[in-house]
Amino acid sequence: MPTDQTRPSADTLAAAARQAGKRGRPPVHLWNPPFCGDLDMEIRRDGSWWYLGTPIGRHALVRLFASILKREGDRYFLVTPVEKVGIRVQDAPFLATDFRVEGAGRDQVLTFVTSVEDEATAGPDHPIRVMRDPATGEPSPYVLMRDGMEALIDRKSFYRLVELGVHEPHEGESWFGLWSAGRFFPVIPSAELA
């Protein structure tokens, strides 16, 4: 296990990420450097990034770290070509803070934007899913952004999405859900809305 002296700092990772990303998003999926230990960094449910118990206030730095984020199984890492450090993620690594709508009905296309300015169009490659809290029934909607990593759709965006919802047959039942890029995404059984 690396010691604090051999574990890279956030500044070291930021410098390596800047260098690796000079030509667009770094090819994180191609990198498999040795594990250097865990960093005291966390992405909270509200999309904020924290380092050593303090929020990272520089948006450009958060965007830089987000560009070198990688998921392996249930763990998240910041990676460069030469090092990999583990970080904690409370819920989803991204927060979808807005979306655009083109078209209507079955021809509707929903494109989500995250707080770190990533974009993804919901469809077969970027599905929407809704988890419900077993105790309260409160929905938590997500959209797959990239490389197996999802964005939690924020509350204001989810309320806007609900206004676009329709009832459709799905797996033998009527469901309330959303169309995007030719695919229907079920949100809640229609019977539960009655």
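Ranked by the mean number of other Cβ atoms within 10 Å of their residues, highest first, the peptides 112-121, 95-104 come out as 112-121, 95-104.
Projecting the Cα positions of LEU95, ALA122, PRO134 onto the charge dipole of region 87-144 (unit charges on Cβ atoms of Lys, Arg, Asp and Glu, taken about the Cα centre) puts PRO134 furthest along the positive direction. Neighbour counts of other Cβ atoms within 10 Å put MET131, MET149 in the fewest-to-most order MET131, MET149. Rounded, prolate or oblate: which fits region 92-177 when a ≥ b ≥ c are the square roots of the eigenvalues of the alpha-carbon gyration tensor, with rounded for a/c under 1.5 and prolate only if a/b beats b/c? Since a/c reaches 1.5 but b/c is at least a/b, the shape of region 92-177 is classed as oblate. Taking 0.36 nm per residue of separation and subtracting the current Cα-Cα distance, fully stretching the chain between ARG129 and SER174 would add 14.5 nm.
The gain in end-to-end length when the ALA60 to ARG75 segment is fully stretched comes to 3.0 nm, 0.36 nm per residue minus the alpha carbon separation. The helix-based estimate of mean residue ellipticity at 222 nm for the chain, built from -39,500 (n - 2.57) per DSSP H run of four or more residues and divided by its residue count, is -4500 deg cm²/dmol to the nearest 500. Entry for the chain at q = 0.15 Å⁻¹: log10 I(q)/I(0) = -0.91, Debye formula applied to identical alpha-carbon scatterers, no solvent contribution. Around the Cα centre of region 134-186, unit charges on the Cβ atoms of Lys, Arg, Asp and Glu (plus for the first two, minus for the last two) sum to a dipole of about 220 debye. The calculated FRET efficiency for the pair GLU117 and SER140, based on their C-beta separation and a Förster distance of 25 Å, comes to about 0.65. Along the axis of the charge dipole computed for the chain (Cβ charges of +1 for Lys and Arg, -1 for Asp and Glu, origin at the Cα centre), the listed residues ALA181, MET149, LEU161 are led at the positive end by MET149.
With both residues required to sit in the chain, DSSP beta bridges show an antiparallel share near 85%.
Charge dipole of the chain (Cα centre as origin; +1 on each Lys and Arg Cβ, -1 on each Asp and Glu Cβ, all else neutral): 700 debye, rounded to the nearest 20.
Here, each number is a calculation from the coordinates, and none is a lab measurement. In this text, all values refer to a predicted model and were calculated from it rather than measured experimentally. Here Cβ is always computed from backbone atoms with ideal geometry, including for glycine, and neighbour counts include all displayed protein chains.
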